[in-house]
């Protein structure tokens, strides 16, 4: 009797996957060890009204607008700067520094009736609580920055959101990209830094988000302030033109501000 020898058939080789670079691995490890990855340990559930402000690109003016809107509030207010300390745009705006939060995660400062809370190193630390009467302006920062888990969770909830960009081809294209990520389109406002709309170049690309905001009266122009172009907003008062715009924007937000934890 002849014995039949059966040889295993090798499985087809899968297409090779591209290998991550050493720099990508180092970045991923740093994010993991710092607590950036994964779900938040605890969700942020503020008891006060909140407005979220996102810059569509770096140096759009989102942090400055956040301070202006907080200054225009009728009562106590707070700016919550969520960018890492190395990317802070508000490091020099407080007229008084009052130490750190109890857990050491936030720097506490103030200017007049506006509290300025800036995030320190640990991304897992939630913002310090404030009274329910305080209006909190959440200064998210520009796209591309690593965001704490609690902030990523916050951005998935509906609520009043202001997108800040510039009246440039670069700024308007980034506006469309960021607008597509906003959960609550019904409470979306657009603030464009630059000349009045009637003076925009005809070649300026005005996409769907900008056009919809303009048609519904939810597009506001932020005037360029020469005094801010080289030094930014420091401890001095908010320029009058910017403050007037902030008051106008604040009136638009009165009907769209999310109270407490949005549902």
Which listed residue is surrounded by fewer than 18 Cβ atoms within 10 Å (Cβ to Cβ), in a loop (DSSP other than H, G, I, E, B) and over 13 Å from the mean Cα position of the chain (by Cα), from 59, 74, 94: 74
Counting only residues that are surrounded by 21 or more Cβ atoms within 10 Å (Cβ to Cβ) and in a loop (DSSP other than H, G, I, E, B), which one in region 157-171 is farthest from the chain's Cα centre (by Cα)? 167
Across region 235-258, what is the total count of residues that are at pLDDT below 90, outside any helix (DSSP H, G or I) and either touching a helix residue (DSSP H, G or I) at 6+ places or on another chain (Cβ under 7 Å) or surrounded by 14 or more Cβ atoms within 10 Å (Cβ to Cβ) (or both)? 3
Determine, yes or no, whether residue 223 is within 30 Å of residue 97 (Cα to Cα), buried (at least 16 other Cβ atoms within 10 Å of the Cβ), modelled with pLDDT of 90 or more and in contact with a helix residue (DSSP H, G or I) (Cβ under 8 Å, 6 or more places away or on another chain). no
When you scan region 121-156, how many residues do you find that are at positive phi and part of a loop (DSSP other than H, G, I, E, B)? 1
Within region 97-120, considering residues that are in contact with a strand residue (DSSP E or B) (Cβ under 9 Å, 6 or more places away or on another chain) and assigned to a loop (DSSP other than H, G, I, E, B), the one surrounded by the fewest Cβ atoms within 10 Å (Cβ to Cβ): 113
Determine whether region 186-194 contains at least one residue that is in contact with a strand residue (DSSP E or B) (Cβ under 6 Å, 6 or more places away or on another chain), in a loop (DSSP other than H, G, I, E, B) and closer than 30 Å to residue 123 by Cα. no
Find the residue count for region 202-217, including only residues that are in a loop (DSSP other than H, G, I, E, B) and surrounded by fewer than 10 Cβ atoms within 10 Å (Cβ to Cβ). 3
So, residue 181, is that one closer than 30 Å to residue 41 by Cα and loosely packed, with under 15 Cβ neighbours inside 10 Å or not? yes
Hey, could you check region 190-201 for residues that are exposed (fewer than 14 other Cβ atoms within 10 Å of the Cβ) and touching a residue at least 12 places away in the same chain (Cβ under 8 Å) and say which is farthest from residue 168 (Cα to Cα)? 196
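The values are calculated or read from the model by the stated rules, or taken from the named source; none is laboratory data. Just so it is clear, the structure is predicted and the values come from calculations on it, not from any experiment. FYI the Cβ positions are ideal-geometry reconstructions off the backbone, even for glycines, and counts take in every protein chain you see.
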